[in-house]
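S.K.: Sharing a structure, written as structure tokens. Questions coming.
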Amino acid sequence: MMKRVFILFFVFVSSVSQAQVSQSDKMQWFGDAKLGIFIHWGIYSVDGTDESWAFYNKKVPYPVYMSQLNRWSAENYHPEEWARLIKKSGARYTVLTSKHHDGVALWDTKAVPSSKKRNAAPLSAAVRAPAKRDLFTPFAEAVRKEGLKLGVYYSILDWSHPDYPGFRKDSTRYEIKKEPERWENFCRFNQTQLSELMVQQNPDLWWFDGGWEHSAEEWKAVELGNMLRNQNPNVIINGRLPGQGDYDTPEQNFPIERPKEKYWELCLTTNDNWGFQFQDKNWKTPKEIVTIFADVVANGGNLLLDIGPMADGKIPAEQVRILEELGRWNHKHEEAIFNSVGGIGAGHFYGPSTLSKDSINLYLFLPGNATGPIEVKGIKNQVLKVEILGTATNVPFKVVGKISWSDKPGLLFIDVPNDPQLLDPVMTVLKVTLKDPLKLYSGTGGL
Ligand code: GLC
């Protein structure tokens, strides 16, 4: 009896630890990647209207919205240039919309929307747009050539599909309870499309969207998740396929508290829209983007920064500029960002911070490029040196308020000179080298 219990216990413990090891192995590249570039490209870039939501919210009649497909020629689409720019930005992965909520596929799908219309043409750019080619696969190939990881965005809801219940905000096609076969038909369609993408693109990451319209059970989320993981056990799935996610996906607003999931990714537009819109000139500045990025990384997350190419395939000049500036900054501050872990938290330093994985180097991101005495609290270690990262310049520092016979640390003051030669035009980063791995004090102080 004892022996059996022991064996059972052993099997349980080893399977638990195996599962944990493989999850952290699987998530390793993602956790280290820090920056990804999101791309929303679809027929909505032709007229520059809201991606899919334009007809759902009745801003534009459905036939007018869909007519953009007949005008999508993508004549200046050079996916190798996209991939090169993404690489240059410092990003380690990229996610392209294979199909948004409007149901238009960028790849050459063979899945036809309705079982009743066997001869109907698939709803894809490859077949129905003047572009007349697969717009997804050449990008995937270029991405691999640059050594980047590939993510496939797929909207699991499809407001164009005749067997999908949802259509516009105030109209639906049917109720699943009343017409279960119709829903089954739609689920088979999704499955076919996902297996096409899975086989053709072999993504490193699936970025699902639109899961909010149905339950995990209705989506058959477990089956879908199993299908994708069986094909590639290392594949990562975002948190929008209900119940299947490996990580959380807050959107647009940086959370005040870090999300509960160990892994998370903030997706963020560069202006106010995901896709290209002519009138939207509300660009975030490189300073603003880097400030958000540093905050994300300091809180253990990734940033998925969005761009929306124009209908002809060109990336708007402002977005090119943002990505290039980000690339310059990332290159200079590489060690503070990539392969780092979250830092020491708000009570210790009034700004974002990260740590090297061995906890010997502490990186401080100076908000608003602050200069003068910069205060850091609770560091118990001896500080060996402080340098302005990327400049090979050491700056003076001192410790004040240390009581010689108490084990409470003093306050570290770093004197950052107001010298434009030394400060980064976007955000300056300090590297604090400690004598040994960081030991933090975070009590109420005193003796
Ligand atoms: C939302 C929107 C969608 C966009 C996505 C990106 O879910 O529905 O339009 O693609 O956010 O995160």
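S.K.: Which order do the peptides 84-93, 172-181 come out in when sorted by mean C-beta neighbours inside 10 angstrom, highest first? Intermediate values should be presented prior to the final figure.
M.R.: Values: 84-93: 21.4, 172-181: 11.0.
Output ranking for 84-93, 172-181: 84-93, 172-181.
S.K.: Given the C-alpha centroids of the range 148-192 and the range 194-247, what is the distance between them in whole angstrom?
M.R.: Taking the Cα centre of each part, the range 148-192 and the range 194-247 sit 15 Å apart.
S.K.: Can you give the charge dipole size of the chain about its Cα centre, rounded to the nearest 20 debye, using +1 on the beta carbon of Lys and Arg and -1 on the beta carbon of Asp and Glu?
M.R.: Working: 52 positive and 52 negative charges, 146 e Å.
Using Cβ point charges on Lys, Arg, Asp and Glu, the chain gives about 700 debye.
S.K.: Quick one: in the range 303-356, what % of C-alpha pairs are over 16 Å apart?
M.R.: On the way: 847 of 1431 pairs.
Cα-Cα pairs in the range 303-356 separated by more than 16 Å: 59 percent.
S.K.: Okay, next question. Can you list, largest first and rounded to whole Å, the semi-axes you get for the range 342-434 by taking the square root of 5 times each eigenvalue of its Cα gyration tensor?
M.R.: Numbers: eigenvalues 94, 41, 30 Å².
In descending order the semi-axes read 22, 14, 12 Å.
S.K.: Fewest first, what order do 29, 212 take by the number of other Cβ atoms within 10 Å?
M.R.: On the way: 29 15, 212 9.
Ranking 29, 212 by Cβ neighbours within 10 Å, fewest first, gives 212, 29.
S.K.: Starting from the range 365-395, pick out the trypsin sites (Lys or Arg not before Pro) whose DSSP state is loop and whose Cβ has at most 15 other Cβ atoms within 10 Å. If you can, show how the numbers build up before the last one.
M.R.: Details: sites: 377, 380, 385; in loops: 380.
Sites meeting the loop and neighbour criteria: 380.
S.K.: As an exercise, identify the GluC sites (Glu not before Pro) in the range 244-330 lying in DSSP coil whose Cβ has no more than 12 other Cβ atoms within 10 Å. Kindly include the intermediate steps, with their values, before the conclusion.
M.R.: Numbers: sites: 251, 257, 261, 265, 288, 318, 324, 325; in loops: 257, 261.
Counting only loop positions with at most 12 other Cβ atoms within 10 Å, the GluC sites (Glu not before Pro) in the range 244-330 are 257.
S.K.: Give me the one-decimal nm value for the distance between modelled label points at residue 341 and residue 408, 7 Å along each residue's Cα-to-Cβ direction.
M.R.: Each label point is offset 7 Å from its Cα along the Cβ direction, giving 2.8 nm.
S.K.: Subtracting the Cα-Cα distance from 0.36 nm times the residue separation, let me have the gained length for residue 114 to residue 393 in nm, one decimal.
M.R.: Working: separation 279, 0.36 × 279 = 100.44 nm, distance 6.57 nm.
Length difference between fully extended and current span is 93.9 nm.
S.K.: Check every DSSP H run in the chain and write down those whose alpha carbon atoms cover 27 angstrom or more along the long axis and whose mean Kyte-Doolittle hydropathy is 0.0 or greater.
M.R.: Numbers: long enough: 2-33 (47 Å, 0.38); 180-201 (31 Å, -1.03).
In the chain, the long hydrophobic H runs are 2-33.
S.K.: So which aspartates and glutamates can residue 145 reach, going by Cα to Cα under 19 Å and dropping same-chain residues fewer than 8 places off?
M.R.: Residue 145 reaches 80, 81, 134, 204.
S.K.: Choose one of 176, 120, 308: the residue whose Cα lies farthest towards the positive end of the charge dipole of the range 24-332 (beta-carbon charges +1 Lys, Arg; -1 Asp, Glu; about the Cα centre).
M.R.: 120
S.K.: Could you grab the Rg to Rh ratio for the range 158-244? Cα atoms only, Kirkwood for Rh. Let's see the in-between values first.
M.R.: On the way: Rg = 13.5 Å, Rh = 13.8 Å.
Radius of gyration over Kirkwood radius for the range 158-244 works out to 0.98.
S.K.: Where both partners of a DSSP beta bridge lie in the range 24-332, what percent of those bridges are antiparallel, to the nearest 5?
M.R.: Working: 3 of 34 bridges.
Roughly 10 percent of the DSSP beta bridges within the range 24-332 come out antiparallel.
S.K.: Past 19 Å, Cα to Cα, is the threshold; run 220/260; 332/380; 34/262; 262/284; 87/281; 262/287 against it and keep the listed order. Write out the running numbers ahead of the final one.
M.R.: Working: 220/260 25 Å; 332/380 29 Å; 34/262 14 Å; 262/284 28 Å; 87/281 25 Å; 262/287 27 Å.
Where the Cα-Cα span goes over 19 Å, the pairs concerned are 220/260; 332/380; 262/284; 87/281; 262/287.
S.K.: Further question on the same structure: Alpha carbons only, please: Rg and Dmax for the chain, in angstrom.
M.R.: Cα-based Rg and Dmax for the chain come out at 25.1, 85 Å.
S.K.: Any chance you could check the Cα centroid distance between the range 378-447 and the range 293-346 for me, in angstrom?
M.R.: 26
S.K.: Moving to a separate point now. When only C-alpha pairs under 8 Å and at least 6 residues apart count, what is the relative contact order of the range 342-434, in percent?
M.R.: Details: 184 pairs, mean separation 32.7, N = 93.
Computed over the range 342-434, the figure is 35 percent.
S.K.: Using 0.36 nm per residue of separation minus the Cα-Cα distance, give me the extension gain between residue 285 and residue 256 in nm, one decimal.
M.R.: Working: separation 29, 0.36 × 29 = 10.44 nm, distance 2.11 nm.
So the chain would gain 8.3 nm between residue 285 and residue 256.
S.K.: Now, a different point. Just rank 44, 154, 441, fewest to most, by other beta-carbon atoms within 10 angstrom. Before the final figure, lay out the partial values.
M.R.: Values: 44 30, 154 23, 441 13.
The most exposed by this proxy come first: 441, 154, 44.
S.K.: For the range 64-128 and the range 263-287, what is the centre-to-centre distance using only Cα atoms, to the nearest Å?
M.R.: Cα centroid to Cα centroid, the span is 20 Å.
S.K.: Follow-up question, since we're still on this one. I need to check one value: relative contact order of the range 63-162, counting alpha carbon pairs closer than 8 Å and at least 6 residues apart, in percent.
M.R.: Values: 149 pairs, mean separation 37.8, N = 100.
Relative contact order of the range 63-162: 38 percent.
S.K.: Rg and Dmax of the range 292-447, Cα atoms, in Å?
M.R.: Looking at the range 292-447, its Cα Rg and Dmax stand at 17.7, 70 Å.
S.K.: Count the DSSP beta bridges whose two residues both fall in the range 16-172, then state the antiparallel fraction as a percent rounded to the nearest 5.
M.R.: Of the beta bridges lying entirely in the range 16-172, close to 20 percent run antiparallel.
FYI, it's all coordinate maths here, none of it is from the lab. It should be emphasised that the depicted structure is a prediction, and the values quoted were computed from it without experimental measurement. Neighbour counts are summed over all protein chains in view; Cβ atoms, including those assigned to glycine, are modelled from backbone coordinates with ideal geometry.
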